[in-house]
Every structure is written in C-alpha cells, then in structure tokens.
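Trainee: Once you've had a glance at the structure underneath, I'll fire off some questions.
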Amino acid sequence: MEQRRELTFKIRCFNPEVDQEPHYKNYNVELEQGITILRAINYIKDHIDPSLTVRFFCQAGICGSCAVKVNGVSKLACTTQVWDEIPLAEVEGTIVIEPLANFKVIRDLVVDIDPMIQKLKNHKAWVVPTTADEKMGEKEVAVQPEEFERINAATDCILCASCYSECSLCEVSPNFISPLVMLKTFRMNDDKRDTINDERLEIANHDGGIWDCTHCYRCVEVCVKNIPIMDAISGLRHESLQKNHDYTDGARHALAFKQDIEQGPGRLREITLPLRTLGPVGAISQIPFAVSMGLKGRVPPMFPHTAKDHDGLKRSILKYRKDHPKDKE
Ligand code: SF4
Ligand code: SF4
Ligand code: FES
C-alpha cells in the first residue's frame, strides 16, 4: 500500500444551534501513513473546517475521551491508525467517522456522557474504604498481588464508553446497567479495601441489572483494552447466587438451567422453563407470546436435545462442584 494518498473522511456532523438533523460532510485530504484518526480529524479542523468538533485530551489511549465510531465500530480515535482502517472501508478510500451510539449528541463527534456517569453514581462504582476520612493516610492497607490479580484486567478500563456505544441492550433499554458499570461493580466489589460489597451487589441485581445482559459478547469484541468483560459479568452473577440474590427472573432462569443440566442427561426442559422462571402468574402472561411464536413455527423440539457424551457432562459437573464448593445448590 502506498505511503501517502488522498482519502475522503465522511464525518457525521450536527450543530443543534443551526441543524435540524445530523448530516454527513465529506473532507478530502492527502495523508501519509502513520497518522491516527484523531490527528486526521485535527488536520481537517486546522486546515479545512474549524467548526468540526471532537473531544480529546491525552492523545495516548489513557483518558478515554476521544472514542468515536470509525467505519461503524466504536474505538479510540487517538490509537487507531488511518492506514489500518483503509481496508475496512465500505467505499474504497472513504473513512466514515460518527459519534458514539447510545448517547445524545452535543455537537458533531462529542456526545453527552452524563447518563453513563449517573449510572456509575447509582451503582456506587468506587471503593468505599474501611478507613475513616480523618484517618486516611495514617495506615497502609496493603493489597497482595494475588488479591489484585482477580481485578487486574478490570482496572484497565478507561471509561471510554466504546462498549456502551455497541451494547444492543443500552440501545433498547436506557436503564440497563451497561457493560462498563458491571465491570466497575465487579472491580470495586473484589477490592479488599471496600466495605459495601453487599449493598453494591444488591443494586446490581435490580431490574435492568446484571441478569438482563444477553451474553452477545459485543462489549468484549470492541473493548479498547481487551478486557474480558463477560468474566466480570459472570463473576457478579455467580457471587449473587452464592449470596441468595435469586429473586429476579434472570437469576431464577439461570438456576432452572443449572437444575436441568444437573438432573437430566444434558436435557433442557424448555416447556417448563417459563413456569420455573416466572412463576404461575408470570407463565400465564406469556401464553399469548408462546402462541404467536408457535404460529411462526418456533416451538421447543418434541424430543429434547440430549448431550451425546452424558458421562463427559457428569464429569464436568463433578469438576465444577469440586472447584466451587460453596456454590448454591
Ligand atoms: S454481552 Fe451484555 S453487556 Fe455486553 S454488549 Fe452484550 S448485552 Fe451488552
Ligand atoms: S470496558 Fe473497555 S470499552 Fe468499555 S469503557 Fe472500559 S475500556 Fe472502554
Ligand atoms: S485522547 Fe485520551 S484516550 Fe484518546
């Protein structure tokens, strides 16, 4: 690929003071290899359109403020190379830049992250220490390397909101806790200096909390720091069940699955899942939905699927029980 070439940056712009609707502007620029998306945007701002608005600070992948969508995927503008994006462009030579999704646009590429900050506050996503404020600094509270290891990856989160922007549940359900808040909840709850583990876990179990996540793994795919976010979500669910937070539909659903796998030869009893998850009244309320699904041919199989290697499944369950002796039966 050539070292220098002309490219088009198609940027989604919106100035609420003058625009009725967002619109795309095309900027043609000649750039050289080695330049980042953020530098390209700033080049356009400096030489073509000073009104173009973008947010950034550290320019080194640390502060998390420059996340935008590049060719449809949320990522950091300051660490993304223009040359890496050229093969990903839908239209040859045209790189599309848009603001993060699932947030209100303030102007051009800058979004209002206040709802995300409010969720962090609602979920108390900070350490509430054992040491009183007036005694702070007097005594060291050492965290051992093995204690830190569990939360090591989660501490890499820079709150860039790329995962928030890509989460399909944040799109349809604005009250959903969001991947990054679940990650922060996990990180704070596993910090030995923290004192409100139970309270934070209880909040995370409310409607719109950890049990609503659909396991689509999109947040894991896009995380700019490669953090295994699903491990944190699973960790929170596991801890919730251990501590008897089993009153939500999501928790009962997970327990019903576990029960089926443990009791049968790897067979899910889908017919009775709604009853065991929602109770009799809830299950009855699902009948119209079940009928409409049935009319579309979406019915549970007459003969439920059975795992071929039943002994292997039994071995896995025994190993799981051995590894998790305190797990809720
Ligand atoms: S796995 Fe859960 S939190 Fe992550 S993007 Fe999907 S629904 Fe959102
Ligand atoms: S989890 Fe990853 S993608 Fe999400 S805010 Fe943190 S660093 Fe960004
Ligand atoms: S400007 Fe700080 S992460 Fe990009």
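Trainee: Filter the stretch 71-85 down to residues that are within 14 Å of ligand 2 (Cβ to nearest atom) and not in a loop (DSSP other than H, G, I, E, B) and give me whichever is farthest from residue 224 (Cα to Cα). I'd like the intermediate steps shown before the answer.
Mentor: Filtering the stretch 71-85 for residues within 14 Å of ligand 2 (Cβ to nearest atom) gives 73-80.
From what is left, the residues that are not in a loop (DSSP other than H, G, I, E, B) are 73-76.
Details: 73: 11, 74: 9, 75: 6, 76: 7 Å.
By that ranking, first place goes to 73.
Trainee: Sticking with this structure for a sec: Could you pull out every one of the helices (runs of 4 or more DSSP H) wholly within the stretch 216-329 that has 2 or more residues that are more than 26 Å from residue 167 (Cα to Cα) and at pLDDT below 80?
Mentor: Qualifying helices (runs of 4 or more DSSP H): 249-263, 273-285, 287-295, 310-323.
So that you can scan it fast, the table gives a plain yes or no per residue for (1) touching a residue at least 40 places away in the same chain (Cβ under 8 Å); (2) among the charged types (D, E, K, R); (3) farther than 21 Å from residue 68 by Cα:
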{"position": "157", "(1), (2), (3)": "yes, no, no"}
{"position": "171", "(1), (2), (3)": "yes, yes, no"}
{"position": "186", "(1), (2), (3)": "yes, no, yes"}
{"position": "203", "(1), (2), (3)": "yes, no, yes"}
{"position": "211", "(1), (2), (3)": "yes, no, yes"}
{"position": "218", "(1), (2), (3)": "yes, yes, no"}
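Trainee: Now for a separate question. Answer with yes or no whether residue 203 is surrounded by fewer than 21 Cβ atoms within 10 Å (Cβ to Cβ), among the hydrophobic types (A, V, I, L, M, F, W, C) and at pLDDT 95 or above.
Mentor: Numbers: surrounded by fewer than 21 Cβ atoms within 10 Å (Cβ to Cβ): yes; among the hydrophobic types (A, V, I, L, M, F, W, C): yes; at pLDDT 95 or above: yes.
Judged against the criteria, residue 203 is a match.
Trainee: Output the helices (runs of 4 or more DSSP H) that fall wholly within the stretch 162-204 and possess 3 or more residues being closer than 30 Å to residue 73 by Cα, in the same structural domain as residue 140 (by TED's automatic domain parsing) and hydrophobic (A, V, I, L, M, F, W, C), or say none. Walk me through how you get there before you give the answer.
Mentor: Details: elements: 162-166, 168-172, 179-189, 197-204.
Hits in the stretch 162-204: 168-172, 179-189.
Trainee: Any residue at all in the stretch 45-60 that's within 16 Å of ligand 2 (Cβ to nearest atom), part of a strand (DSSP E or B) and closer than 20 Å to residue 107 by Cβ? Give the steps one after another, and end with the answer.
Mentor: Within the stretch 45-60, the subset within 16 Å of ligand 2 (Cβ to nearest atom) is 55-58, 60.
Subset that is part of a strand (DSSP E or B): none.
Checked against the condition, which is being within 16 Å of ligand 2 (Cβ to nearest atom), part of a strand (DSSP E or B) and closer than 20 Å to residue 107 by Cβ, the stretch 45-60 yields no hits at all.
The values are calculated or read from the model by the stated rules, or taken from the named source; none is laboratory data. The structure displayed is predicted, hence computed values, not measured ones. Cβ coordinates were reconstructed from backbone atoms using ideal geometry, including for glycine residues, and neighbour counts include every protein chain displayed.
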